[in-house]
Amino acid sequence: MGARGPLPNAGRTVLWRETCINEASMITLYGTLRSRTTRVVWAAEELGLPYRREKVVFAASLPDPLAVDAPLNTASPAFLAINPMGQLPALQDGDLCIGESVAICLYLARKAGGPVGPQTLAEEGEILQWALLAASVVEPPAVEILYAFMQNRAETDEGAAVISAATVKLQRPFQRIEDHLAGTDWLVGGRFTVADVIMEETLRYAAAASGVFAAFPRLKAWFDRCQARPAFQAMWAARSAE
Amino acid sequence: MVILHGVLRSRATRPFWLLREAGVAFRHVPVIQAYRLADPAAADAPHNTASPAFVALNPQAQIPVMQDGDLILTESMAIALYLARRYGGALGPQTPDEDGEALQWAFLAISAVEGPALDILYPYQFGTAATPEGTAKIAAATQALARPLARIEAHLQGRDWLMGGRFTVADICLAECLRYAQPHPPALAAYPAIRGWLARCQARPAFVAMMVERNAEPL
């Protein structure tokens, strides 16, 4: 499919593979790193799973997404065959095609089977719990904060009100995470797992609001630990280059 | 034994339905939402989400909560997915591909369906559906549901169930989110395959029995 250029190579981490030995059986992640694709790429890197990435851009970013020379985008029939929701990211692994970024992270973690994924059914339950909490309680208000900043509305009265209301909604889940981190550095199993990837990537959307973590020092320290990981740093460098 | 804390007039229906489908014995500890009580701290108040004993179990003070041995879980869909894998047999995913599919439908339900479906439910529940504000909210929610519902409608062509050719936890997760949109029939009017699938889900004896129990709970 589309051409893939080399990306920055940080240590052993390779974010973009030009070729692979057995491409037909290889996991393909579709998306752009300026989207929720960040979490699936970071997860795949942490899990050590071989994959290739197919760049797909948002149709809304193109003047004519259906033009014959338009790059692969979320309105392209070829992409809609992979994810009929027309959303990023999407995954193809053999006959399996799925959307939903958090579902993809969890699928990859189970497939990889290492310490970044669940080792027991109880851990799987805990990881699911944090993933659902991230998706249902944290992400919607966090995204409202992000959009207020991205759309330069943060300084307006309307934007400040949106940020303030979203920050209030985040207090309860933030306090829960703060309390949970009292005796542990990571969300599940005393080690870094895909639950940390998912939660950090939803919390990151709220980080633009200054002081949003001020009352939650353990949460902030955990957030910084997540972002200090080499695989996050490599993903972030690749994202910034897009 | 699995213990479920909560009431059926809540998202707790998801794990309750799953356990009834699985035929697994469990204990139900009724915990009502504090916001539904005039004085949740009163000496004669029923056990509720603000009761110290419950907050000790779930500091987030929300239902449902599941206990299975030492494991304590919150988030209704996480509980349903866990129980399906632990006790659900064919109700749970049987292969890595099915695992991916079940996760996709669960997260599509949470991220794209539940929010607008609740925006439809609440105006009906609070008697504001016919007000200009209620009508506008319902219209916007119906519009927001168009993309996920079109995607599900296409998927259900030639299929009775979301995955695996059988009823699974994925059907429970999505059907329980879509149920919130059912007070407003126009929201589902353009999707006959979804309506047929929802009718199949809601005709299941485990769902019918759960709703009888739910409807017997005080409003």
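Bear in mind these aren't lab numbers, they're just calculated from the coordinates by the rules spelled out. All of these numbers come straight from a predicted model, not from anything done at the bench. Here the Cβ positions follow ideal geometry from the backbone for every residue, glycine too, while neighbour counts run over all protein chains shown.
Compute the distance from the alpha-carbon center of the stretch B:112-147 to that of the stretch A:158-209, in whole Å.
Between the Cα centre of the stretch B:112-147 and that of the stretch A:158-209, the gap is 28 Å.
Points 7 angstrom from Cα along the Cβ direction at B:Ile72 and A:Ala59: gap in nanometres?
4.7 nm
How would you classify the stretch A:113-242 from its alpha-carbon gyration tensor, with a ≥ b ≥ c the square roots of the eigenvalues: rounded for a/c under 1.5, else prolate if a/b is greater than b/c, otherwise oblate?
It is prolate, given that a/c is not under 1.5 and a/b is the larger ratio.
Taking the Cα atoms of the stretch B:1-44, report the difference between the largest and smallest coordinate on each principal axis, in whole Å and largest first.
In descending order, the Cα extents are 37, 19, 9 Å.
What list of ³J(HN,Hα) couplings, whole Hz, do you get for the stretch A:201-206 from phi and the Karplus terms 6.51, -1.76, 1.60, once you set θ to phi - 60° and write x for glycine and proline?
These are the phi-based 3J(HN,Hα) values: 6, 7, 4, 4, 5, 8 Hz.
Output the relative contact order of chain A, whole-number percent, from Cα pairs under 8 angstrom with separation of 6+ residues.
Relative contact order for chain A comes out at 21 percent.
Run the numbers for A:Thr28 and A:Val68: contour at 0.36 nm per residue of separation, minus the present Cα-Cα distance, in nm.
Separation in residues times 0.36 nm, less the Cα-Cα distance, equals 12.1 nm.
Determine the sum of side-chain charges near B:Arg9: Lys and Arg each +1, Asp and Glu each -1, restricted to other residues whose C-beta is under 11 angstrom from that of B:Arg9.
Neighbour charge sum, excluding B:Arg9 itself: +1.
Based on the Cβ-Cβ distance from B:Ala25 to A:Ala215, what FRET efficiency comes out when R0 is 35 Å, to the nearest 0.05?
Plugging the Cβ-Cβ distance into 1/(1 + (r/R0)^6) gives 0.25.
Can you tally the net charge around B:Ala146? Count Lys and Arg as +1, Asp and Glu as -1, for every other residue whose Cβ sits under 14 Å from the Cβ of B:Ala146.
With Lys, Arg at +1 and Asp, Glu at -1, the net is 0.
Which whole number gives the average, over all residues in B:85-97, of C-beta atoms from other chains lying within 10 Å of the residue C-beta?
Mean inter-chain Cβ contacts per residue within 10 Å come to 2.
For the charge dipole of the protein assembly as shown, defined by +1 on Lys and Arg C-beta atoms and -1 on Asp and Glu C-beta atoms about the Cα centroid, which residue among A:Ile82, B:Ile120, A:Ala195 has the Cα displaced farthest towards the positive pole?
A:Ile82
Would you order A:Arg176, B:Arg179, A:Arg191, B:Arg14 from fewest to most other beta-carbon atoms within 10 Å of each residue's own beta-carbon?
The fewest-first ordering by Cβ neighbours comes to A:Arg191, B:Arg179, A:Arg176, B:Arg14.
Dipole of the stretch A:29-175 (Lys/Arg Cβ +1, Asp/Glu Cβ -1, origin at the Cα centre): which of A:Leu72, A:Pro141, A:Thr120 lies farthest to the positive side?
Positive-end residue among those listed: A:Thr120.
Given contacts defined as C-alpha pairs under 8 Å and at least six residues apart, what's the relative contact order of the stretch B:33-129, whole-number percent?
Relative contact order of the stretch B:33-129: 11 percent.
Using a simple spin-label model with points 7 Å from Cα along the Cα→Cβ vector, what separation in nm is obtained for B:Ala43 and A:Thr156?
Calculated label separation equals 5.5 nm.
Would you mind computing, in nm to one decimal, how far apart the modelled labels at A:Asp185 and B:Gln143 are, each placed 7 Å from Cα along Cα→Cβ?
Once both label points are built, they end up 4.9 nm from each other.
Compute the FRET efficiency between B:Ala150 and B:Glu213 as 1/(1 + (r/R0)^6), taking r as their Cβ-Cβ distance and R0 = 22 Å, and round to the nearest 0.05.
Computed FRET efficiency for B:Ala150 and B:Glu213: 0.05.
By the gyration tensor of its Cα atoms, with a ≥ b ≥ c the square roots of the eigenvalues, what is the shape of chain A: rounded for a/c under 1.5, prolate for a/b over b/c, or oblate?
Cα axes put chain A in the oblate bin.
Give, rounded to the nearest 20 debye, the magnitude of the charge dipole that the stretch A:32-181 has about its Cα centre when Lys and Arg contribute +1 at Cβ and Asp and Glu contribute -1 at Cβ.
For this selection, approximately 140 debye.
For B:Lys137, go through the lysines and keep the ones whose alpha-carbon is under 24 Å away, minus same-chain ones fewer than eight residues off.
The reachable lysines, counting only those whose Cα sits under 24 Å from B:Lys137, are A:Lys169.
Would you tell me the mean number of C-beta atoms belonging to other protein chains that fall within 10 Å of each C-beta in A:113-125, as a whole number?
If you average over the peptide's residues, the count of other-chain Cβ atoms is 3.
If amide H atoms are built 1.01 Å from N in the plane of the peptide, which residues on other chains or at least 5 residues away come under 5 Å of the amide H of A:Val188?
It is A:Thr193, by chain and number.
Expressed in nm to one decimal, what extension gain is obtained for the pair A:Ala75 and A:Phe149 from 0.36 nm per residue of sequence separation less their Cα-Cα distance?
24.0 nm
Once you have a ≥ b ≥ c as the square roots of the Cα gyration tensor eigenvalues for the protein assembly as shown, tell me rounded if a/c is under 1.5, and otherwise prolate or oblate according to whether a/b is larger than b/c.
Rounded is the answer for the protein assembly as shown, as its axis ratio a/c remains below 1.5.
In peptide A:165-178, how many Cβ atoms from other protein chains are near each Cβ within 10 Å, on average?
Across the residues of A:165-178, the mean count of other-chain Cβ atoms within 10 Å is 1.
Give me Rg over Rh for the stretch B:84-156, both radii from the alpha carbons and Rh done the Kirkwood way, two decimal places.
1.15
If packing is taken as the average count of other Cβ atoms within 10 Å, what order do A:148-154, B:103-109 fall into, highest mean first?
So the peptides A:148-154, B:103-109, ranked by packing, come out B:103-109, A:148-154.
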